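Here's the structure, in structure tokens; my notes come after.
The values are calculated or read from the model by the stated rules, or taken from the named source; none is laboratory data. Owing to the predicted nature of the structure, the values given are computational and were not obtained by experimental measurement. Neighbour counts run over all protein chains shown; Cβ positions are idealised from the backbone, glycine included. Calculation scope for accessible area: heavy atoms of the full protein, side chains included, ligands and nucleic acids excluded. Shrake-Rupley method; radii C 1.70, N 1.55, O 1.52, S 1.80 Å.
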Amino acid sequence: MASAPSKLYADDVSLLVVLLDTNPFFWSSFSLPFSKFLSHVLSFLNSILLLNQFNQVVVIATGCNSCDYIYDSSSATSTGAESGRMPALCSDLLRKLDEFVTRDQQLGEKDSLGPTTSSLLSGSLSMALCYIQKVFRSGPLHPQPRILCLQGSTDGPEQYVAIMNAIFSAQRSMVPIDSCFMGSNNSAFLQQASYITGGVYQKPQQLDGLFQYLSTVFATDLHSRTFLRLPKSVGVDFRASSVFGQPQTDVPSASNVK
Amino acid sequence: MNNGDGKRWNGGGEEDEDEDEDEGSGGGPDGWQITYADERSWESLQEDESGLLRPIDNKILYHAQYRRRIRSLSSQATTARIQKGLIRYLFVIIDLSRAASETDFRPSRMVVVAKLVEAFIREFFDQNPLSQLGLVSVKDGVAQCLTELGGSPESHVKALMGKLECSGESSLQNALDLVHGYLKQIPSYGHREVLVLYSALSTCDPGDIMETIQKCKNSKIRCSVIGLSAELFICKHLCQETGGLYSVALDERHVKELILEHAPPPPAIAEFAIANLLKMGFPQRAAESSIAICSCHKEAKVGGGYTCPRCKALCGLTLISSPHLARSYHHLFPVVPFDEVPPSFLNDAHNRSPRSCFGCQQSLLNPGNKPGLRVSCPKCKQHFCLDCDIYIHESLHNCPGCESFRHSKSAIASEE
């Protein structure tokens, strides 16, 4: 099926909503430590804010038991506005992230479901889309929104319907979903998301240079992307996941009534 | 008002006649009167409790209408085990008779209907990706097929906009006969539907329309009518016999609502809908550098194409991409309507309500730090603002609160 129609962007002001995967079961066994990963991401976020004075960045953490807003560059509480210096992105973000991870872990202790390899991507995608709708309602002069998923956990098949709903809503609102996937196998959900909404899917090969991948592929605003050759998707896996989470099939049956 | 001023104010061609006949006496309506009559600005005011006039608060009104709609949909679905038809074959019959040039909808009924049908076509394919639509127009007593049943919104819109002129009489029977001929050939798993947009107050039929209505009923075609002028017995009878919906529009906004009501799948008539399992294939998208023979163009093509999973070439299996099918899933798992949080709960000092909407972080406080109007999800108990409520139920179909908490998911799974 065709990917999203391209929209004509008049300027390069962007709103970047970053969905940060904080699943401890993934990060504890991953080659790149979470702290190093964060330093790449923080430099990247600062560089986005430097590209244009009107750019906005919002960070939502995707945990294993909950999702929450971590940082919003346009909120009045970010310091530095009065003194004229750069907003202190690092300290606010790190403090809130720390609180989030502690809360997320405590929520996990209540349930005895065992370790889960997937994080709640459908939740953070839904929250990101609600935030973006609020930005659309704010008037004719608004930054062009896009979503960037920094994900490493595997796809949770129970989230298939919710993620597809979010993808179609993003496609209708013309919000591209970019994905930087760091897990071992490709994520079918994120590949489909980027293909359908017209975003970019990338699986970085060398994680020591993550900042370079982020700044060359994902930092460009939507208007300037027409002038760049960004990575194209190769062989997107379109097979259906059964609605009830069974293994994917090539020739399933569809009912004509509900 | 002297003649010179009258000429300056009047814009349209209709006023020129009056000008010539009643020079200087101002017998016909002057331009400023016509402008006021058309705009009907008094309709946007209402009285409050003390009798003072104030403008209507559109946001609250819009939200109230949306909540009524959601409540009626959810009550229908729960009281009866209603099945929905997901594969629909719908014909839209547009009345382009002389009555369609009436200007009670600005600029004319025909233009308004054309714009709304375009919006409807896009919404229809968005909500029913597996369905097909066709357009029929009625002009000078003759029904003509503008486009045959097909799945491409662009071709329908182009055909519609290409031929917008109205004249003559309308003929309901000819239109229904034409549509019946096409819909008879549809396989039994498809739902056959007709939507008539009727502006005229009469119909000029060559034979007995009751026979045609009976034919449609026997072929299980569900006919709905949206009247743009007044209620007609024959339209009401048609809809009652075939199980469709008859509504008459009050104004432009109402017509839009009525048309878009037909976009989501209608409840299927139980004995007519035979639930079948249809085999469909999910093609694999080949890599950019592979070479294969394209089955529709019959030539070798390089690049990203799709291959049939069963035979890799051509075997008659209906091919569909899983995202296409997934567009219909939200009908299977709708979001529960949110409840309004009563002001008594908010004003109670013991309850600490969240200060911002869970979805968009919009402040839920009124000026003065008092808790403002909000809704909450009955499952996850999170609070949302009114705009997020509308967005979640009409477009997103996911509750961000329910999706963001894992133990709420497992609680729901264990209940089922």
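Here the range B:336-376 is the region considered, the condition is being under 26 Å from A:Leu129 (Cβ atoms) and of a type in the set (Phe, Trp, Tyr), and the residue that is surrounded by the fewest Cβ atoms within 10 Å (Cβ to Cβ) is B:Phe338. Pairs meeting the criteria (first residue in the range B:146-165 and in contact (Cβ under 8 Å) with a residue 60 or more places away in the chain, second residue open to solvent by less than 30 Å² (accessible area, probe 1.4 Å) and aromatic (Phe, Trp, Tyr), beta carbons under 7 Å, at least 6 apart or on different chains) are B:Leu149/B:Tyr89. When the range A:20-61 is filtered for residues that are in a strand (DSSP E or B), in contact (Cβ under 8 Å) with a residue 60 or more places away in the chain and within 15 Å of A:Leu94 (Cα to Cα), the ones remaining, listed by number, are A:Leu20, A:Asp21, A:Val58, A:Ile60, A:Ala61.
Of all residues in the range B:74-113, those that are open to solvent by less than 40 Å² (accessible area, probe 1.4 Å) and at pLDDT 70 or above total 19. Entry remark, the range A:178-189: residues being within 15 Å of the chain's Cα centre (by Cα) and more than 13 Å from every other protein chain (Cβ to nearest Cβ) number 7 in total.
Scanning the range B:356-401 for residues that are in contact with a Phe, Trp or Tyr (Cβ under 6 Å, 6 or more places away or on another chain) and in contact (Cβ under 8 Å) with a residue 60 or more places away in the chain yields B:Asp389, B:Ile390.
In the list B:Ser224, B:Ser199, which residue meets the criterion of being of a type outside the set (A, V, I, L, M), open to solvent by less than 10 Å² (accessible area, probe 1.4 Å) and farther than 17 Å from B:Ala143 by Cα? Show your work before the answer.
Details: B:Ser199 fails: farther than 17 Å from B:Ala143 by Cα.
None of the others qualify; the one that does is B:Ser224.
Residue-wise test of (1) more than 17 Å from A:Phe136 (Cα to Cα); (2) within 30 Å of the chain's Cα centre (by Cα); (3) away from every other protein chain (no Cβ under 14 Å); (4) of a type in the set (Lys, Arg).
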| site | (1), (2), (3), (4) |
| --- | --- |
| B:Arg374 | yes, yes, no, yes |
| B:Cys377 | yes, yes, no, no |
| B:Lys381 | yes, no, no, yes |
| B:Cys399 | yes, yes, no, no |
| B:Glu403 | yes, yes, no, no |
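In the set (1) within 13 Å of chain B (Cβ to nearest Cβ); (2) at pLDDT 95 or above, A:Val18 fails one condition alone, (1).
Only one of the numbered conditions (1) at pLDDT below 90; (2) not hydroxyl-bearing (Ser, Thr, Tyr); (3) not in a helix (DSSP H, G or I) is violated by B:Glu123, and that is (3).
Restricting to the range A:143-176, give me the number of residues that are away from every other protein chain (no Cβ under 13 Å) and assigned to a strand (DSSP E or B). Quick ask: steps written out before the conclusion?
Residues of the range A:143-176 that are away from every other protein chain (no Cβ under 13 Å), as a first pass: A:143-144, A:146-152, A:154-155, A:176.
This time we only want the ones that are assigned to a strand (DSSP E or B), so: A:144, A:146-151.
So the count comes out to 7.
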